Amino acid sequence: MAKSKAIKKAVVPKAKPLSLTKDEAGAKRSLTAKQFIDRLKTLQSDEELKKIQRYFKSGEGQYGEGDKFIGVKMGKLFALAIEFNGMPIGEIEKLLESPIHEVRAGGVSIMDKESRTKKITEARLKEFYELYMRRHDRINNWDLVDLGCLHMTGSLYTTDAFTGRRIEWQNLILPALTLGIRPLAIITQLTRS
């Protein structure tokens with residue numbers, strides 16, 4: 001009989017959460033709307049633009065009237081948004097002011113993606129919520145509402161340390177203000193706990 005060798009499993013220490021150095025934090029603060037737009041334009045595709053123009057209704061009298069598109073796949077836009085987590089709120093607002101749909105989607109997506117991180121602070125969430133509420137005039141399409149309604153604007157239910165679970169109805173008002181009563185946005189809020 002052959003002796004069996006004991007196989008040792010490598011012990012991998014648990015990774016420590018990354019903390020930003022002063023230089024890295026400074027780099028996050030220096031992220032600009034212009035940098036985002038420049039990077040976004042490199043992802044443009046004429047083929048994707050044709051698909052988008054068939055899909056979105058941006059003609060006269062339609063729900064997205066006046067929207068301009070450059071033709072960027074949403075998956076690529078979302079990946080780019082993650083790279084821009086930490087962008088100053090004033091720069092995100094500049095993205096929301098753009099007439100280009102994908103640029104506005106990028107602004108909302110940056111807030112959405114950062115809102116999903118475990119390290120997000122209440123102060124940062126509040127900044128996102130206030131910007132979204134203040135500039136809901138720029139959230140003029142169903143996909144922008146759906147990007148922002150779940151993580152960024154908060155859950156329908158929140159836990160208060162003193163009173164326990166309570167309903168916060170303002171999170172139902174936002175989708176209604178943006179595009180009228182949007183069933184998907186409302187259902188999303190009602191089913192999230």
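The values are calculated or read from the model by the stated rules, or taken from the named source; none is laboratory data. The shown structure was predicted, so the numbers you read here are calculated from the model rather than taken from an experiment. Cβ placement follows ideal geometry from the backbone for every residue including glycine, while neighbour counts extend to all protein chains displayed. When the accessible area is computed, the model is the full protein with side chains, heavy atoms only, and any ligands, DNA or RNA have been set aside. Shrake-Rupley method; radii C 1.70, N 1.55, O 1.52, S 1.80 Å.
Scan segment 132-146 for residues that are open to solvent by less than 40 Å² (accessible area, probe 1.4 Å), hydrophobic (A, V, I, L, M, F, W, C) and farther than 22 Å from Asp38 by Cα and jot them down.
Selection gives Val145 alone.
Taking Met87, is it closer than 19 Å to Gly148 by Cβ and at pLDDT 95 or above? So that I can check it myself, show each step before the final result.
Details: closer than 19 Å to Gly148 by Cβ: yes; at pLDDT 95 or above: yes.
Taking the combined requirement at face value, the residue satisfies it.
Inspect segment 43-52 for any residue being of a type in the set (Val, Ile, Thr), touching a Gly at 6+ places or on another chain (Cβ under 8 Å), open to solvent by less than 80 Å² (accessible area, probe 1.4 Å) and more than 12 Å from Gly106 (Cα to Cα) and give the result as yes or no.
Going through segment 43-52, the residues of a type in the set (Val, Ile, Thr) turn out to be 52.
With the extra rule that they be touching a Gly at 6+ places or on another chain (Cβ under 8 Å), the set shrinks to 52.
Filter again for open to solvent by less than 80 Å² (accessible area, probe 1.4 Å), leaving 52.
If we keep only those that are more than 12 Å from Gly106 (Cα to Cα) too, we end up with 52.
Yes, segment 43-52 contains a residue that is of a type in the set (Val, Ile, Thr), touching a Gly at 6+ places or on another chain (Cβ under 8 Å), open to solvent by less than 80 Å² (accessible area, probe 1.4 Å) and more than 12 Å from Gly106 (Cα to Cα).
Among the residues in segment 17-35, are any surrounded by fewer than 15 Cβ atoms within 10 Å (Cβ to Cβ), outside any loop (DSSP other than H, G, I, E, B) and at pLDDT 95 or above?
yes
Would you mention how many residues in segment 100-123 are basic (Lys, Arg) and closer than 16 Å to Trp142 by Cα?
Let us first name the residues in segment 100-123 that are basic (Lys, Arg), namely 104, 113, 116, 118-119.
The next check asks that each one be closer than 16 Å to Trp142 by Cα; those that pass are 104.
Of the residues in segment 100-123, 1 are basic (Lys, Arg) and closer than 16 Å to Trp142 by Cα.
Cβ contacts < 7 Å: first residue touching a residue at least 60 places away in the same chain (Cβ under 8 Å) and within 20 Å of Asn140 (Cα to Cα), restricted to segment 86-99; second residue open to solvent by less than 30 Å² (accessible area, probe 1.4 Å) and among the aromatic types (Phe, Trp, Tyr), any location; separation 6+ or different chain. Result?
Leu95/Phe36
Could you list all residues from segment 88-102 that are loosely packed, with under 15 Cβ neighbours inside 10 Å and touching a Leu at 6+ places or on another chain (Cβ under 8 Å)? Show your work before the answer.
So in segment 88-102, the residues loosely packed, with under 15 Cβ neighbours inside 10 Å come out as 89-90, 97, 99.
Correct list: Ile89 only.
Does at least one position in segment 108-131 carry a residue that is under 15 Å from the mean Cα position of the chain (by Cα), surrounded by 14 or more Cβ atoms within 10 Å (Cβ to Cβ), part of a helix (DSSP H, G or I) and without any contact (Cβ under 8 Å) to a residue 24 or more places away in the chain?
Yes, segment 108-131 has at least one match.
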